[in-house]
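In what follows, a single structure is set out as structure tokens and then discussed.
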Amino acid sequence: MTKSEQLFERAVKVIPGGVNSPVRAFGSVGQSPRMIASADGTHMTDEDGNTYLDFVGSWGPMILGHNHPAVREAVIKACEQGLSYGAATKREVEMAELICGSVPNMEMVRMVNSGTEAVMSAIRAARGYTGRDKIVKFMGCYHGHSDALLVQAGSGVMTAGIPDSAGVPAGCTQDTLSAVYNDAASVQKLFDTFPDEIAAVIVEPVGANMGVVPPAQGFLEALRAMCTKYGAVLIFDEVITGFRLAFGGAQEYFGIDADLVTYGKIIGAGMPVGAYGGKRGIMERVAPLGPVYQAGTLSGNPVAMAAGIAQLGILKEHPEIYTDLNEKGGWFFGEIRKIAEQSSVPATVNACGSLGSLFFTGQPVCNYETAKTSDTARYADYFRHMIGHGIYLAPAQFEAMFLSAAHTREELNGVLELIRGYML
Ligand SMILES: *Cc1c(COP(=O)(O)O)cnc(C)c1O
């Protein structure tokens, strides 16, 4: 038995499924998880000393690569000043200024500790602001695991084969309406039925939790127009796309204004951080300024802020990182698409910037229904081929491949060779 297997044997006795988040389990690819001991740059090393070229990047945060020296040093320095005070700090002001100074429509921002919290709080703010209860989400979009949003929620839930979650009372989701991704007419129907009752439409501007599903031409524009017309709040869940597609996220990349935006992942550079923010009129409803209660003992934690400020600072000072990353993604996923087109294995490649997915289906993938036509057994086989050659992919079909600024063309060429070897 490997050390990873020994540790996993211990883990399953004391942690549900042996993991602290379901996406880390290797169940859907028929393996047990590699226990990661360290990571640096583009590589992770497991407890047995095996090294992997990583395309998960902690599910997004590692846009500069693992263990970036500037982030590490900022964290060490912050640790020397104490881990938490439960009081206001300079770093929180700097973080908020950094975000509000460069992201479109960000007039005020509140830090929290995870993407889940960010979305849950943004929904509450939107409901408090509009005085309405209903929210619209899209099938296959994941917005964290708060009760109201665990409806047709994509990857983790999809992979486990659980349509919804047990333990969520029907009352918690009765105001959650589901629409079809990339189908503005399905949203219009909901507004026709409930013209004065919808508080918010929440969307992943690039779907990344049913595999990568970019927005069709005009889709986000239509959501913007409907929200404006009916007085609903448009929430972009940019927990993955924020600071990734561009510093200003999908709002900047697609040129669409959201009313509220949620963040996680990249914003904490690997520390547990989330944030929500946007238009002043809405954010002024949040306590202690307004009646929408939201709080957090460790929110804006000084060590976490130090990590986030260091990473966002680099991204802001070096806009060429985005040009390079998006160019690299365009090339890399384009090459995978060429391979898929030549292959006898039915496969489709979707990509946007540095995010991409290879779906094992012959159909174009534009929403949850079409994503689900993928052959997950084939993905499991592909995954085993790749990890056998030292490539660490997401252990499930319905996830993104995350490129970082650290990935080199040489590394990516090596991966393309392996994909060719599997597909052709
Ligand atoms: C990961 C994710 C979340 C949840 O963030 P956590 O930090 O895992 O709670 C919410 N929305 C999207 C789009 C995500 O990808």
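The values are calculated or read from the model by the stated rules, or taken from the named source; none is laboratory data. Worth saying up front: this structure is predicted, and the values here are computed from it rather than measured. As a convention, Cβ positions derive from the backbone with ideal geometry for all residues, glycine included, and neighbour counts pool all protein chains shown.
The condition (being in contact (Cβ under 8 Å) with a residue 24 or more places away in the chain, surrounded by fewer than 22 Cβ atoms within 10 Å (Cβ to Cβ) and out of contact with any Cys (no Cβ under 7 Å at 6 or more places or on another chain)) is satisfied by just one residue among GLY281, GLY268, GLY330: GLY281.
For GLY17, the criteria (1) touching a Gly at 6+ places or on another chain (Cβ under 9 Å); (2) part of a helix (DSSP H, G or I); (3) surrounded by 20 or more Cβ atoms within 10 Å (Cβ to Cβ) hold in every case but one, which is (3). Just to be sure, is ILE240 more than 28 Å from ALA347 (Cβ to Cβ) and surrounded by 19 or more Cβ atoms within 10 Å (Cβ to Cβ)? It is false that ILE240 is more than 28 Å from ALA347 (Cβ to Cβ) and surrounded by 19 or more Cβ atoms within 10 Å (Cβ to Cβ).
Contact annotation: residue pairs with Cβ atoms under 6 Å, 6 or more positions apart or on different chains, pairing a residue in the stretch 110-137 that is within 16 Å of GLY278 (Cα to Cα) and touching a residue at least 24 places away in the same chain (Cβ under 8 Å) with a partner that is part of a helix (DSSP H, G or I) and more than 9 Å from the ligand (Cβ to nearest atom), are ALA125/ILE282; TYR129/ILE282. Checking each residue in the stretch 193-214 for being part of a strand (DSSP E or B) and away from the ligand (no atom under 16 Å from the Cβ) picks out ILE198, ALA199.
Taken together, the criteria place ARG72 among residues that are part of a helix (DSSP H, G or I), out of contact with any Leu (no Cβ under 6 Å at 6 or more places or on another chain) and away from the ligand (no atom under 16 Å from the Cβ). Candidates ALA11, ALA70: the one that is touching a residue at least 60 places away in the same chain (Cβ under 8 Å) and farther than 25 Å from TYR293 by Cα is ALA70.
Scanning the stretch 122-138 for residues that are within 13 Å of LEU190 (Cβ to Cβ) and in contact with a Gly (Cβ under 8 Å, 6 or more places away or on another chain) yields a single hit, PHE138. Within the stretch 261-304, the set of residues being among the hydrophobic types (A, V, I, L, M, F, W, C) and within 16 Å of the ligand (Cβ to nearest atom) comprises VAL261, ILE266, ILE267, ALA269, MET271, VAL273, ALA275, LEU298, ALA304.
Evaluated against (1) at pLDDT 95 or above; (2) out of contact with any helix residue (DSSP H, G or I) (no Cβ under 6 Å at 6 or more places or on another chain); (3) within 13 Å of the ligand (Cβ to nearest atom), GLY144 falls short on exactly one condition, (2).
The residue of the stretch 335-352 that is surrounded by the fewest Cβ atoms within 10 Å (Cβ to Cβ), among those that are within 17 Å of TYR379 (Cβ to Cβ) and under 26 Å from the mean Cα position of the chain (by Cα), is ARG337.
When restricted to residues that are farther than 25 Å from LEU416 by Cβ and either under 20 Å from the mean Cα position of the chain (by Cα) or at pLDDT 95 or above (or both), the stretch 24-56 contains 9. Restricting attention to the stretch 28-41, the residues that are farther than 28 Å from SER374 by Cα and either among the charged types (D, E, K, R) or touching a residue at least 60 places away in the same chain (Cβ under 8 Å) (or both) add up to 2. Within the stretch 75-124, being within 16 Å of the ligand (Cβ to nearest atom), in a helix (DSSP H, G or I) and of a type outside the set (Ser, Thr, Tyr) holds for GLY115, GLU117, ALA118, VAL119, MET120, ALA122, ILE123, ARG124.
Taking the stretch 215-322 as the region of interest, the helices (runs of 4 or more DSSP H) fully inside it that hold 3 or more residues being within 24 Å of THR89 (Cβ to Cβ) are 302-317.
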